[in-house]
Amino acid sequence: MNELFIKPNLKSAQRRTKDETIIERSRFNIPDEYLSLGFNKKFYLRTYGCQANERDSETLRGMLAMMSYAEVNTPEEADLIIMNTCAIRKNAEDKVFGEIGHLKQLKYENPDLIFVVCGCMAQEEEVVNTILKTHQHIDIIFGTHNIHRFPELLIQAHFSKERVVEVYSKEGEVYENLPVNRVQKAKAWVNIIYGCDKFCTYCIVPYTRGKERSRLSEDILKEVVTLVEEGYQEVTLLGQNVNAYGKDLELDYGFAELLEDVAKTDIPRIRFMTSHPWDFSDKMVDIIAQYDNIMPFVHLPLQSGSNEILKIMGRRYTTDEYLHVFDALKTKVKNIAFSTDIIVGFPNESEEQFNDTLKMIEYCQFDNVYTFIYSPRHGTPASKMEDNIELEVKRSRLKRLNQRVSVYALQNNKKIVDSIQNVLVDGPSKKNPDVYSGYTETNKLVNFIPKKAKAGMIVKVKITGANTWTLKGEEV
Ligand code: SF4
């Protein structure tokens with residue numbers, strides 16, 4: 001058998017080097033003879049997880065368009081199925097494995113079908129071993145560090161009819177030359193930093209996405225300016241930890257400076273995601289407060305309200321330090337809204353420590369909270385910790401937490417009933433085409449009766465009603 005086999009290795013993924021990141025700018029090329037490989041063929045792409053994955057999928061779409069593939073909405077219609085996976089929690093992985101098993105039948109019906117698994121799960125040694133052992137119908141596995149190699153791997157699998165596995169354990173270059181087919185016409189994801197060096201003890205991301213590598217500001221600004229020229233209304237600056245932007249470049253130019261430079265372009269709306277409170281400087285707060293096109297909404301992951309748990313999590317801040325950032329934003333940025341992440345049931349979390357989290361929820365009164373039961377990830381320090389908390393206890397804590405979270409979400413939504421909000425229109429809602437939906441500056445979803453609204457416009461909407469997670473309104 002002549003299989004291409006490079007498997008991931010956890011030990012190499014854990015290592016960090018001081019190597020300078022190389023920026024690849026040469027023209028992205030697919031040999032002419034393969035530009036029609038996908039002629040009359042269709043691909044189905046399913047994306048799991050975070051916005052970084054959504055953005056990677058847009059790159060895959062760009063490559064597939066270059067190779068003449070057309071996208072379809074169901075796997076049954078496809079000649080090529082790609083699953084761009086997420087490794088952040090076990091149940092996300094279970095879902096992917098369920099889907100891989102479920103779609104096996106399609107491969108029996110059509111042996112020419114090419115089935116691809118990529119993304120963060122493909123960076124995990126354990127996952128790749130399981131796929132190799134039990135899922136013979138997967139033809140290609142590649143990881144987050146060699147997305148640029150996808151066309152080459154596809155060509156190899158197509159002609160050799162053999163399995164191709166190529167996953168690099170260590171991050172490589174920053175690619176400035178990859179094609180992109182954006183899914184949305186008014187909102188764009190813009191990567192600013194890849195990877196993460198924080199190594200929170202429960203998190204797999206530093207192993208699946210590699211070390212922090214910032215793009216150069218001139219490349220980011222050029223991309224934003226092009227998006228403005230193309231009529232985009234909103235950019236979301238992306239990174240596992242955007243606030244660490246620039247630290248690896250050592251140029252005395254960080255996220256605050258980048259945010260200000262992006263705000264000086266003509267882009268109407270700027271968002272950013274995700275922020276680590278430890279790297280959130282006072283200067284960043286001031287820049288957010290200063291520019292109207294930086295949206296008054298911050299996702300600021302807290303994870304736990306207990307200082308003891310935060311320490312074991314390796315989060316590097318105390319609740320007081322978190323509140324320093326939170327309060328500064330709340331005081332300086334008019335009408336700001338917040339969302340956060342909370343993990344309940346971290347190993348040995350006591351009732352008292354959980355109650356500390358509830359106290360933080362009472363104080364911060366977040367607009368939205370993404371709540372999770374702790375999920376051990378193989379290879380992380382936390383996964384080796386003994387855990388004496390029963391799953392039932394964790395579930396009951398999650399329920400209590402969610403109840404409190406809903407109270408504040410509804411309360412915050414009710415506060416803006418009767419106000420007029422600027423809403424970036426997504427388009428007609430799926431359930432009822434007479435109702436449109438869009439997002440306020442504070443990232444709240446509004447379903448509203450349109451007058452002149454069209455997808456991609458920013459319109460004024462009077463808020464007429466509030467539910468826990470959505471608002472109702474009428475265009476004015
Ligand atoms: S900051 Fe922590 S939680 Fe976020 S990606 Fe990095 S290691 Fe994971």
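Laboratory data are not the source of any read-out in this text; all were calculated from the coordinates shown. These numbers were taken from a predicted model, which means no experiment stands behind them. Please note: Cβ atoms are built from the backbone with ideal geometry, for glycine as well, and neighbour counts cover all protein chains shown.
The condition of being surrounded by fewer than 22 Cβ atoms within 10 Å (Cβ to Cβ) and without any contact (Cβ under 8 Å) to a residue 12 or more places away in the chain holds for residue 105. Name the residue that is surrounded by the most Cβ atoms within 10 Å (Cβ to Cβ), counting only residues in segment 261-283 that are more than 16 Å from the ligand (Cβ to nearest atom) and under 14 Å from residue 192 (Cα atoms). Ranking the qualifying residues of segment 261-283, first place goes to 262.
Of the strands (runs of 3 or more DSSP E) lying entirely inside segment 288-382, the ones with 3 or more residues being within 23 Å of residue 257 (Cα to Cα) are found at 297-299. Do we have residue 383 as under 20 Å from residue 87 (Cα atoms) and either in contact with a Lys or Arg (Cβ under 6 Å, 6 or more places away or on another chain) or within 16 Å of the ligand (Cβ to nearest atom) (or both) here? So residue 383 passes the test.
Going through 130, 134, 201 one at a time, which residue ends up being of a type outside the set (Asp, Glu), within 16 Å of the ligand (Cβ to nearest atom) and over 19 Å from residue 43 (Cβ atoms)? Steps first, answer last, please.
Numbers: 130 fails: within 16 Å of the ligand (Cβ to nearest atom); 134 fails: within 16 Å of the ligand (Cβ to nearest atom).
Just one listed residue meets the conditions, 201.
Taking segment 293-303 only, how many residues are in contact with a Lys or Arg (Cβ under 8 Å, 6 or more places away or on another chain) and within 15 Å of the ligand (Cβ to nearest atom)? Residues meeting the conditions: 1. Among the residues in segment 125-134, are any among the acidic types (Asp, Glu), touching a residue at least 12 places away in the same chain (Cβ under 8 Å), surrounded by 22 or more Cβ atoms within 10 Å (Cβ to Cβ) and under 27 Å from residue 14 (Cα atoms)? No, because not a single residue in segment 125-134 is among the acidic types (Asp, Glu), touching a residue at least 12 places away in the same chain (Cβ under 8 Å), surrounded by 22 or more Cβ atoms within 10 Å (Cβ to Cβ) and under 27 Å from residue 14 (Cα atoms). Restricting segment 229-245 to residues that are within 16 Å of the ligand (Cβ to nearest atom) and part of a loop (DSSP other than H, G, I, E, B), the residue that is nearest to residue 189 (Cα to Cα) is 239. Among the conditions (1) buried (at least 17 other Cβ atoms within 10 Å of the Cβ); (2) in contact with an Asp or Glu (Cβ under 9 Å, 6 or more places away or on another chain), the only one that residue 22 does not satisfy is (1).
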